[in-house]
Amino acid sequence: MEPDIYSKLHTEGYLSDASFEKIRQKQSNHLFSVHWELKTLLSLGVMLLSGGLGILVYKNIDTIGHQVILAFIALICIGCFTYCFKNKLPFSRAKVKAPNTGFDYILLLGSISMVTFIGYLQYQYTVFGLNYGLATFIPMLFLFYIAYYFDHLGILSMAIAALALWMGISITPKTLLAYGTFNSRDIILTYVLFGAMLLAAAYLTKRFDIKKHFKFSYHHYGVHVTFIALLAGYFEFYNEALSVLWIVILLALAAYILWDAYQEKSFYFILLAILYSYFALACLLTRMLFATMREDSIYFLFMCFIGSAIGLIFLLININKNLKRDDHLQ
Amino acid sequence: MIIYNKLWLNNKTVVDHLKADPIAGHITKEEFTKIRAAYPVGFYIPGLLVSAGLFILTCIIAMVAIGLLSLMTAATHIIESPGWPIFLGVICYVILELLTKDKHYFHSGVDNALLYYSAGLLGGGLLWIISKSNITTGDNLLSAIVICLLCIYLTLRFADVVTAAVAAVSAFASVYFFWAMMGTIGLATMPFVMMIAAAAMYYTFNKLNHLYYINCISIIKILSLITLYAAGNYYVVNSLNNILNHLDDSHIYVPYGFIFWIWTMLLPVAYVVLGLKKKNTMLLRTGLILAGASVVTFRNYYHLLPIEVMLTLSGLILLAASYITIKRLKTPLNGITFAPPEQAGTPESLNLEGLIIGQAASHLAPAAPGPSSPFGGGSGGGSGSSDSF
């Protein structure tokens, strides 16, 4: 049925002869692409190999000796990086494409084994002494350097995670929710600081035009971490008068994210800002209603939720329409 | 039968079909704009993110509204009868019909949420009636058939992928329960009956090429392929055998077990080979995933190598194999190429890969203060962690 559509369009005059000829050519030597399948297999291979090596080392620590293991990991690491330095394209502040398909994976393998190497050194020989800060700080620096130098988004994510680790917290949305370590005030404040740093990094990345495509990673982690930390802060200080301040900060942040997202025309961040602030306002509203009306408030509350959620739906549809209209003007 | 405007559906297939062409440079942008104007699509089809947002919000609304209604009528004890969920389901369905007709929603999140709510409420109510009526034999079969019919109707009306999948699964369940009623002979021949059912399903839907339901047909075909494999998978057959004969898990013997081992090992390979031969992405990907399942099945019974050696070796083999394949496919071979497909909106644009690596590597705790897992062994679960996306 594929040729039918094209020939129909051709006879109706919507396709010029030249275009029709091009389509015909495309169809006559149509190729079947296994690009994504092979790429997935490559990543899977890297993951399996590094995971297997990790366990291998862990189990055989008594028999093969630490030096051998270290040498082996170092060998992989050095091999990978030698390859990468040899084959890389020159550094640029814009996006640099990988010279070939294997490159990204070799770099990834090298980075993971580098982190393993440093971790192993610290564990076995306590190279950095009891100074755990330094032991996490150095891999982080390396990872950021590698991410920027070779332009690798995956390693940037690893570097951000390492930064979080260095600050004493662990991120990615899954760990945030799974471990939910929001019980201490210090941790919450660290989270807020960390999120603010990421947001600042995102802003600076765009402002000074250094690897602009990295902005999304910074912004993505930053937005989630900061919003969740602010909400956690609100609940942690629930019984104090200052707790409303957390919501106020959250709304201010949402306004900033919205402003930024409108400039970038990114519906994702608009959605996040709206949903997080909606949740915050809903918490505030519930609390206020319960304080004034006690148990009777529940009907009213339910109706409020229904009404506001319907309103939100129309708002989202409208925002999306406006964003799209702007796209057409370009 | 289908609720959507058929002219728009036809136009949508034309426009969708041509979407990748202006990007790949096969047709000019002006031509594409003209074609879009000549083939108007009036549906409201937002992007993936908007749909997700609308879906979440509609779910919240429906949940709160149901809670409110139940709370208000709680005094009358009407909620304690199966009529109540059915009543709510009918309300959801009516709203769904009205909105879809009036606002021309086309899988926009709002209608998806309402559809699943009404399907869940109606199905739940019907199952409740069945379980209340104390049928001793065949109640499972009846439930499966009821769910299947409900989902078939909803799929035909709204062309939704999820209801299509549920319909397919409940159809297979009906076959299973029906054959299980045959007694011992039924149970002994169950794997073969399921294989035949799955193969027949795949064959039937492979012939169909209905434009409006193209995604529904695909999902049913994928499920048929998986069922065909699972019906003969040694682990599945073994567990089923144990359950039916009231044996515990230590029994690993299955009559005529070698047939199932051959099936477990060869079927994924057959899928992959057929997929490459027929240039069918669905067969190829299903085969690759099921090959992984076969490896796990095999390892469940035969521990030839310790896990870490297996991981390392398989990682090396995978890397080497894919590297060699990529090298060889640099120039297309038998019409198969490594060049990325010409499609609009490839996964790369969503920046997913970076996030997945971040997720997988986030447990790589370098020198974490604690002896339990000092080095990056945690990333072994990398393949599993991508599930969370």
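No lab work stands behind these numbers, since they all come straight from the coordinates. If you're wondering where the values come from, they're calculated on a predicted model, not measured in any experiment. Note that we place each Cβ from the backbone using ideal geometry, even for glycine, and neighbour counts take in every protein chain shown.
What do you get for trypsin sites (Lys or Arg not before Pro) in the range B:1-106 restricted to DSSP loop and a cutoff of at most 15 other Cβ within 10 Å of the site's Cβ? Each step should come with its number before you reach the end.
Details: sites: B:Lys6, B:Lys12, B:Lys19, B:Lys29, B:Lys34, B:Arg36, B:Lys101, B:Lys103; in loops: B:Lys19.
Sites meeting the loop and neighbour criteria: B:Lys19.
Rounded to 0.05, the FRET efficiency of the A:Lys324 and A:Glu21 pair, given R0 = 25 Å and the Cβ-Cβ distance, is 0.15. A simple rule links phi to the HN-Hα coupling: the Karplus curve 6.51 cos²θ - 1.76 cosθ + 1.60 with θ = phi - 60°, which for the range A:305-322 gives 4, 4, x, 5, 5, 5, x, 4, 4, 5, 4, 4, 4, 5, 4, 4, 4, 5 Hz, with x for Gly and Pro. For the range A:288-293, 3J(HN,Hα) computed residue by residue from phi via the Karplus equation (6.51, -1.76, 1.60; θ = phi - 60°) reads 5, 5, 5, 5, 8, 10 Hz, glycine and proline entered as x.
Comparing A:Leu271, A:Leu199, A:Leu301 in a Gaussian network model of chain A (Cα springs below 10 Å), the most mobile by mean-square fluctuation is A:Leu301. Taking only the alpha carbons of the range B:304-344, we obtain Rg and Dmax values of 14.9, 45 Å in that order. Extending each Cα 7 Å along its Cβ direction at B:Ile129 and B:Glu80, get the distance between those two points in nm, one decimal. Calculated label separation equals 2.1 nm. Could you grab the relative contact order for the range B:175-256? Cα pairs under 8 Å, six or more apart, rounded to a whole percent. So the answer I get is 26 percent. Our Cα-only numbers for the range B:226-326 put the radius of gyration and Dmax at 15.5, 50 Å.
Kirkwood-type hydrodynamic radius, the range A:39-165: 15.4 Å, calculated from all non-identical alpha-carbon pairs.
Residue by residue along A:111-119, Cβ atoms of other protein chains within 10 Å of the local Cβ number 5 on average.
Subtracting the Cα-Cα distance of A:Glu12 and A:Ala196 from their residue separation scaled by 0.36 nm leaves 60.6 nm. For chain B, the normalised intensity computed at q = 0.13 Å⁻¹ comes to -1.43 (log10 of I(q)/I(0), Debye sum over alpha carbons, equal scatterers, no solvent). Computed from the C-beta positions of B:Ile45 and A:Ile298, the FRET efficiency with R₀ = 45 Å rounds to 0.75.
Amide H contacts of B:Ile336 (H built 1.01 Å from N, in plane; Pro and chain starts excluded): A:Phe32 sit under 5 Å, all sequence-distant by 5 or more or on other chains. Put simply, the amide H of B:Tyr105, placed in the peptide plane, has neighbours under 5 Å in B:Tyr44, leaving out anything fewer than 5 places away on its chain.
If you wrap the tightest convex hull around every Cα atom of chain A and split its volume per residue, you get 237 Å³.
Given the peptides A:219-230, A:244-255, B:291-302, arrange them by the average over their residues of other C-beta atoms within 10 Å, most packed first. Each step should come with its number before you reach the end.
Details: A:219-230: 23.9, A:244-255: 16.9, B:291-302: 14.3.
Descending mean neighbour count gives A:219-230, A:244-255, B:291-302.
With 29 Å as the limit on Cα-Cα distance, the pairs of A:Lys86/A:Lys211; A:Lys88/B:Lys277; B:Lys207/B:Lys330; B:Lys34/B:Lys330; A:Lys206/A:Lys324 that go past it are A:Lys88/B:Lys277; B:Lys207/B:Lys330; B:Lys34/B:Lys330. Within the range B:247-266, whose backbone N sits under 18 Å from a point 7 Å along Cα→Cβ of B:Ala291? Within reach of a label on B:Ala291: B:262-266. For A:Val127, the residues 5 or more places off, or on other chains, whose built amide H falls under 5 Å of its own are A:Gln122. The GNM of chain A, with springs linking C-alpha atoms under 10 angstrom apart, assigns the highest mean-square fluctuation among A:Ala282, A:Ala162, A:Ala18 to A:Ala18.
Per-residue mean of foreign Cβ neighbours for B:140-151 is 0 (Cβ atoms of other chains, 10 Å radius). Taking only the alpha carbons of the protein assembly as shown, we obtain Rg and Dmax values of 28.6, 78 Å in that order. One decimal place: the segment B:Tyr302-B:Ile56 gains 84.1 nm when fully extended, by the rule 0.36 nm per residue minus the C-alpha distance. Working note: Karplus 6.51/-1.76/1.60 with θ = phi - 60° gives the range A:143-152 the couplings 4, 4, 4, 5, 4, 6, 5, 9, 6, 10 Hz, where Gly and Pro are set to x. GNM remark for chain A: springs join alpha carbons under 10 Å apart, and the peak mean-square fluctuation among A:Asp260, A:Asp296, A:Asp186 falls on A:Asp296.
With R₀ set to 41 Å, the beta-carbon distance separating A:Glu240 from A:Asp209 gives a calculated FRET efficiency near 0.45.
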